[in-house]
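First the structure, in the form of structure tokens, and then the observations on it.
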């Protein structure tokens, strides 16, 4: 039929459900738990955990760069701002948001949790 769009129901993946919280700076933080299929400590994440984290955070297109570069949790925690901005060959806007609102906070949280 012409002019009639087919409506598909969204598929729900319970393993990827996350609690989203809006931050004052406009970013969305993803709270990590075993419920969304990832270990709580990013250092223990496999490449697929990193990819799923960024997909869940709204960076579907950019998540493939982490897959292509085989970035696991340990690698993610070692990334510098320059690595994210230039090494992954992402557009500047998403790369800045990924680093500032996701990579940097994950690194800070990991350091805080492992320095005591």
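Determine if the stretch 21-43 includes at least one residue that is more than 11 Å from the chain's Cα centre (by Cα) and modelled with pLDDT of 95 or more. Looking for residues that are more than 11 Å from the chain's Cα centre (by Cα) and modelled with pLDDT of 95 or more, one finds at least one in the stretch 21-43, hence yes.
Residues in the stretch 64-74 that are touching a residue at least 12 places away in the same chain (Cβ under 8 Å) and either in contact with a strand residue (DSSP E or B) (Cβ under 8 Å, 6 or more places away or on another chain) or surrounded by fewer than 20 Cβ atoms within 10 Å (Cβ to Cβ) (or both): 64, 67, 69, 70, 72, 74.
Please verify whether residue 58 is out of contact with any helix residue (DSSP H, G or I) (no Cβ under 7 Å at 6 or more places or on another chain) and modelled with pLDDT of 95 or more, treating the condition exactly as stated. Taking the combined requirement at face value, the residue satisfies it.
The values are calculated or read from the model by the stated rules, or taken from the named source; none is laboratory data. These numbers come from a predicted model, not from an experiment. Here Cβ is always computed from backbone atoms with ideal geometry, including for glycine, and neighbour counts include all displayed protein chains.
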